[in-house]
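A short write-up of the structure that comes next.
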Amino acid sequence: MSAPEDRARRILTEAPADLLVDRLGAELERSYGITRTELYQVDYRLAVLLPLHEGEPITGPGHPAWRCFDHQQPTVSDGVGWFPVGMRGERRGVLRLSPLPADPEALRDLDTIATVLGHELSAVMASTDIYRTARRTRRLTLAAEMQWELLPGRSRIRPSFSLAGQLEPAYAVRGDSFDWSDDGHRLWLSVVNGSGEGVAASMLTSLATHALRNARRAELSLADQAALADQAVYALHGGTQHLSALLLELDLAAGTLNVVDAGSPRLLRLRDGEVSEQVLDKQFPLGMFEGTDYREQRFRLERGDRLFVVSDGVIDATAERTRYGETALDRFLRRTGPMEPLDAVRSLIGDLRAFVAGDLVDDAVVVCLDWLGPQP
């Protein structure tokens, strides 16, 4: 680690939460002669890179900033450097720096510093709103604000898997959501196809998500996690409200997948370029009846398998009385093979927006999981 890089790290860890970029910029000017430092964050729709302080929003896919974001590699163009800002696979945006030093070692330092900035942004999110406020192109609905706060992130990478998810309409989503966690041995994933409107739908999804987390952290089996969430929703609503969910538990050593389908979104598998729907034992949605007993199913994944979980809002998206449908979905999913999961999710949502010529009317959730195989 070089001395300037070490100082920049220390500056970031010691800076007030709202001044991370300002303090970093001052240090980069002293150490590297960089006079302009700006953070561009990706918005909730994954469609625009928005500056924290000054500059125009960046939308064009051919822009160096988007090449940096998409490929997660530093990009230099016309003396301006763009460096990916993220943490453990969660892409937050890019750091714009100019003028750039000519020393290749300095460029490597700056790439590392941008990653450190990503970690520090994650650390301070709970104590300031300035970064969340700056990454939205318009106001979120109250229900959408609640849903985004509920998420664990939008992407996650470990040696054995890569994972990403997205909600749509991003600024007005109501009841659809997803959640995940891993402990190095297992990955847990839940996808909720919520029901209802506005804040009531968001509150129902929040209750189910927290009940599932509570059961998971108590180290209950997947079936018991579903049963506890089912009881929590039924106890409050007595069967008048319920919601569909898909629960998955992946053994990261064996590649075995346990599944509980509670009236769930669809589970699709892309293997060797072919898409197939995983046939599941459909059980009652969470909260529909009192005391439902849930059963787990087990499947074995092959190295390189890609799983998609999609809610009804994807297949039922309609434009001029035409449904998007299973055929269009299968065709598009086959095209995502070379993409990273976040790019695959973003591309599918973008295709849906183009199909309906705007924002979706109904909620849609898409989650993509790549199984890369057991690791030493």
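Couple of notes before you dig in:
- Flag for residue 369 being surrounded by 13 or more Cβ atoms within 10 Å (Cβ to Cβ) and in contact (Cβ under 8 Å) with a residue 60 or more places away in the chain: yes
- Restricting the stretch 337-366 to residues that are surrounded by 20 or more Cβ atoms within 10 Å (Cβ to Cβ) and assigned to a loop (DSSP other than H, G, I, E, B) leaves a set whose member that is modelled with the lowest pLDDT is 360.
- Residue within the stretch 278-287 that is in contact (Cβ under 8 Å) with a residue 60 or more places away in the chain and either aromatic (Phe, Trp, Tyr) or not in a strand (DSSP E or B) (or both) present: yes
- Failed criterion for residue 109 (all others in (1) out of contact with any strand residue (DSSP E or B) (no Cβ under 8 Å at 6 or more places or on another chain); (2) closer than 27 Å to residue 172 by Cα hold): (2)
- Residue selected from the stretch 288-323 under the condition at pLDDT below 95 and either of a type in the set (Asp, Glu) or in a helix (DSSP H, G or I) (or both), by the criterion nearest to residue 237 (Cα to Cα): 290
- Residues of the stretch 117-126 that turn out to be among the small types (Gly, Ala, Ser) and out of contact with any Asp or Glu (no Cβ under 9 Å at 6 or more places or on another chain), as a count: 2
- Evaluated against (1) part of a helix (DSSP H, G or I); (2) closer than 30 Å to residue 376 by Cα, residue 178 falls short on exactly one condition, (1).
A quick yes/no check of all residues on (1) in a loop (DSSP other than H, G, I, E, B); (2) modelled with pLDDT under 95; (3) assigned by TED's automatic domain parsing to the domain that holds residue 130:
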{"site": "13", "(1), (2), (3)": "no, yes, yes"}
{"site": "62", "(1), (2), (3)": "yes, yes, yes"}
{"site": "69", "(1), (2), (3)": "no, no, yes"}
{"site": "84", "(1), (2), (3)": "no, no, yes"}
{"site": "97", "(1), (2), (3)": "no, no, yes"}
{"site": "101", "(1), (2), (3)": "yes, yes, yes"}
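- When the stretch 5-23 is filtered for residues that are buried (at least 18 other Cβ atoms within 10 Å of the Cβ) and of a type in the set (Gly, Ala, Ser), the ones remaining, listed by number, are 8, 15.
- Scanning the stretch 47-58 turns up no residue that is of a type outside the set (Gly, Ala, Ser), part of a helix (DSSP H, G or I) and closer than 26 Å to residue 139 by Cα.
- The number of residues in the stretch 176-210 being aliphatic (A, V, I, L, M), in contact with a helix residue (DSSP H, G or I) (Cβ under 8 Å, 6 or more places away or on another chain) and crowded, with 23+ Cβ neighbours inside 10 Å comes to 4.
- For the stretch 196-209, the criterion of being assigned by TED's automatic domain parsing to the domain that holds residue 367, closer than 15 Å to residue 244 by Cα, touching a Pro at 6+ places or on another chain (Cβ under 8 Å) and touching a residue at least 24 places away in the same chain (Cβ under 8 Å) is met by none of the residues.
The values are calculated or read from the model by the stated rules, or taken from the named source; none is laboratory data. Remember, predicted model here, so these are calculated numbers, not experimental data. Methodologically, a virtual Cβ is constructed for each residue, glycine included, from the backbone with ideal geometry; neighbour enumeration extends over all protein chains shown.
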